[in-house]
Amino acid sequence: MILWTTIPIGFLLLLNKFSDGNQDFGYDGSYGPSHWADKYQSCVGKHQSPINIDEHNVKNISLAPLKFFGLNTPRSSFVTNNGHTVMIKTNESEMATVSGGPLGDDIYVFEQLHFHWGENDYEGSEDLINNHSFAMELHAVFYKQEYKTMSEAIGHPDGLAVFAYFYEADDKQNPTYDYIVEMLPNVEMVNSKHELEEPLLLEHLLAPNVSTMQNYYTYNGSLTTPPCFEIVTWIDFKDPQLLSHEQLAAFRNVRTSDGNKLTHNFRPVQPLSDRLVYRNMFNVEDDVRSIKNHRQDAGDTRNDHNGERSIRSDVVTSIFFVVLALLATI
């Protein structure tokens, strides 16, 4: 079980700064990460993020499947440069949610997604795997539905779940991200906002390959920017996606509040301390049994009545055929 620490309610007074992308922290000099604790004491907490995930020092665990709802709904959305990152928010009247995995039966509601990158294509991610930094990392932020709003959820130790997706550089463009990258010149200046010209399908960003969506690490940690509250269940997907060198470079052209290019916006890794990192493992026996129970739905993972998208059915189908292939070689 993942354990949590309690956060003082007084920290809620800092919520507006967190939500509005205040300009009193940065990634260099006197405003850089080594000085964040001057104003935000929680940034020197014991369970901070990001971390380095050592694959030889994780605990294997088999969790229930992640279950998304509403990712396949086209949504109007807008892109914002808050001076620290490029953020995308969608029409909040149509909820997208997730449950399962380390979240159990609790439902978490999508709030926003944003990106972290580096000065070159060899660094940029916040979490590392075996001390390897990826070129970029996307964070999809969800708040616990029980708390009704992001502002309320941030006051609870289980308030947020953040899904982390890694990216490596490639010579070919990733067409899924073309319309986002093309919008970046419109939000080059800090506090600028622009609506995406075409509807956003969150499933393209948050469930890009259902066959690998159960391959992740999870641990308890914090926000990676001030106020650094330790209220996050992190879910880091192991398999990276690809973006072209040009697509990655486009993010480095957005600017901070002082007019400089935001060439990098990742926090250095923090001590693991007494935490455990869990790696979700496939339970092949259960998955093959699930195929038999749900064979009629094997070709379609969407529920036409409620828009639910379950990662389980696609994943177990892939495992089933892998097992058959292995048996054939014996």
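The values are calculated or read from the model by the stated rules, or taken from the named source; none is laboratory data. These numbers come from a predicted model, not from an experiment. Counting neighbours? That spans all protein chains shown, and the Cβs are built from the backbone with ideal geometry, glycine included. Accessible surface areas use protein heavy atoms only, side chains included; no ligands, DNA or RNA. Shrake-Rupley method; radii C 1.70, N 1.55, O 1.52, S 1.80 Å.
Quick one: count up the residues across the range 71-110 that are touching a residue at least 24 places away in the same chain (Cβ under 8 Å), in contact with an Asp or Glu (Cβ under 9 Å, 6 or more places away or on another chain), surrounded by fewer than 20 Cβ atoms within 10 Å (Cβ to Cβ) and outside any strand (DSSP E or B).
6
Collect the residues in the range 146-162 that are part of a loop (DSSP other than H, G, I, E, B), farther than 20 Å from Ile51 by Cα and either without any contact (Cβ under 8 Å) to a residue 60 or more places away in the chain or open to solvent by 20 Å² or more (accessible area, probe 1.4 Å) (or both), keeping them in residue-number order.
Passing the criteria: Lys148, Thr149, His156.
Can you confirm whether the range 137-145 contains a residue that is open to solvent by 30 Å² or more (accessible area, probe 1.4 Å), in contact with a helix residue (DSSP H, G or I) (Cβ under 8 Å, 6 or more places away or on another chain) and of a type outside the set (Phe, Trp, Tyr)? Working first, answer last.
Taking the range 137-145 first, the residues open to solvent by 30 Å² or more (accessible area, probe 1.4 Å) are 145.
With in contact with a helix residue (DSSP H, G or I) (Cβ under 8 Å, 6 or more places away or on another chain) added as a condition, the list becomes none.
Scanning the range 137-145 turns up no residue that is open to solvent by 30 Å² or more (accessible area, probe 1.4 Å), in contact with a helix residue (DSSP H, G or I) (Cβ under 8 Å, 6 or more places away or on another chain) and of a type outside the set (Phe, Trp, Tyr).
Return the total of residues in the range 74-88 being within 15 Å of Glu111 (Cα to Cα) and in contact with a Gly (Cβ under 7 Å, 6 or more places away or on another chain).
Residues flagged as within 15 Å of Glu111 (Cα to Cα) and in contact with a Gly (Cβ under 7 Å, 6 or more places away or on another chain) within the range 74-88 amount to 0.
Given the conditions (1) at pLDDT 95 or above; (2) open to solvent by 80 Å² or more (accessible area, probe 1.4 Å), report the number of the one that Leu3 does not fulfil.
The one condition Leu3 does not meet is (1).
Within the range 244-262, can one find any residue that is part of a loop (DSSP other than H, G, I, E, B), open to solvent by 30 Å² or more (accessible area, probe 1.4 Å) and within 30 Å of Lys67 (Cβ to Cβ)?
Checked the range 244-262: no residue is part of a loop (DSSP other than H, G, I, E, B), open to solvent by 30 Å² or more (accessible area, probe 1.4 Å) and within 30 Å of Lys67 (Cβ to Cβ).
Might you let me know whether the range 165-174 holds any residue that is in contact with a helix residue (DSSP H, G or I) (Cβ under 8 Å, 6 or more places away or on another chain), modelled with pLDDT of 95 or more and surrounded by fewer than 13 Cβ atoms within 10 Å (Cβ to Cβ)?
yes
Within the range 202-213, which residues are at pLDDT below 95 and open to solvent by 10 Å² or more (accessible area, probe 1.4 Å)?
Pro208, Asn209, Val210, Ser211, Thr212
Which residue pairs have Cβ atoms closer than 8 Å, lie 6 or more positions apart in sequence or on different chains, and pair a first residue in the range 132-145 that is more than 30 Å from His56 (Cβ to Cβ) with a second residue that is polar (S, T, N, Q)?
Pairs found: Tyr143/Thr149; Gln145/Thr97.
Before we move on, is Leu15 open to solvent by less than 30 Å² (accessible area, probe 1.4 Å) and either modelled with pLDDT under 95 or within 23 Å of the chain's Cα centre (by Cα) (or both)?
Answer is yes for this residue.
Working only within the range 35-50, note down all residues that are assigned to a helix (DSSP H, G or I), touching a residue at least 12 places away in the same chain (Cβ under 8 Å) and among the polar types (S, T, N, Q).
Residue satisfying the conditions is Ser42 alone.
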